[in-house]
1. Using heavy-atom solvent-accessible surface (probe 1.4 Å) with all chains present, what is the largest-first order of LEU23, LEU17, LEU53?
2. Please work out how much length the chain gains when fully extended from TYR100 to LEU10, using 0.36 nm per residue of separation minus the C-alpha to C-alpha distance, in nm with one decimal.
3. Extension gain GLN116-PHE24, at 0.36 nm per residue separation less the Cα-Cα distance, in nm?
4. Efficiency by 1/(1 + (r/R0)^6): what FRET value for ASN54 and SER123, r their Cβ-Cβ distance, R0 = 41 Å, to the nearest 0.05?
5. When the convex hull of the C-alpha atoms of the chain is computed, what volume per residue in Å³ does it have?
6. I want to verify a result. In a Gaussian network model of the chain, Cα cutoff 10 Å, which of these has the top mean-square fluctuation: ASP61, ASP89, ASP103?
7. Could you give the nm distance between label points at LYS86 and SER70, where each point is 7 Å from its Cα heading toward the beta carbon?
Amino acid sequence: VQLQASGGGLVHAGGSLRLSCLLFGRTGNSAVVGWFRQVPGKEREFVAAFRWLNSGQMYADSVKGRFTISGNSVRNTVYLQMNRTKPEDTAVYYCAAMTYYHDNYFQSSIYDYWGQGTQVTVSS
């Protein structure tokens, strides 16, 4: 499966942005799609994950209550709705997919496929 992330940009603090992750190819190999983010000099950080089977949503504490992850199986797309953004949300955001569900969905090493990143900048 291949993934293509889009929707990044510049937003003022408190504003909203929606990221999209389009899946194509063998989309059946994507039991879970996750979003991660990374800033220079730091490790890639888990943001949220979506499980197709039961529409399960998992979030990092830092974004819980502000971000919403969802999936559209017809469009083979997973969305990350970012509300009430903060300057510390600034990062390159990546989407990734794992073939089989794993409890350690917050670990980037678990994921099998990665898309390119999309830059999100939140100005103060």
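1. On the way: LEU23 5, LEU17 30, LEU53 145 Å².
Order by accessible area, largest first: LEU53, LEU17, LEU23.
2. Details: separation 90, 0.36 × 90 = 32.40 nm, distance 3.40 nm.
Here the answer is 29.0 nm.
3. Details: separation 92, 0.36 × 92 = 33.12 nm, distance 1.37 nm.
So the chain would gain 31.7 nm between GLN116 and PHE24.
4. Working: r = 37 Å, r/R0 = 0.90.
That pair, ASN54 with SER123, gives E of 0.65.
5. On the way: hull volume 11.3 nm³, N = 124.
Enclosed volume per residue, from the Cα hull, is 91 Å³.
6. Checking each option, the largest mean-square fluctuation is seen for ASP103.
7. 2.4
The values are calculated or read from the model by the stated rules, or taken from the named source; none is laboratory data. All values derive from a computational prediction rather than experimental measurement. Positions of Cβ are generated from backbone atoms using ideal geometry, with glycine treated the same way; all protein chains shown enter the neighbour counts. SASA here: full protein model, heavy atoms, side chains in, ligands and nucleic acids out. Shrake-Rupley method; radii C 1.70, N 1.55, O 1.52, S 1.80 Å.
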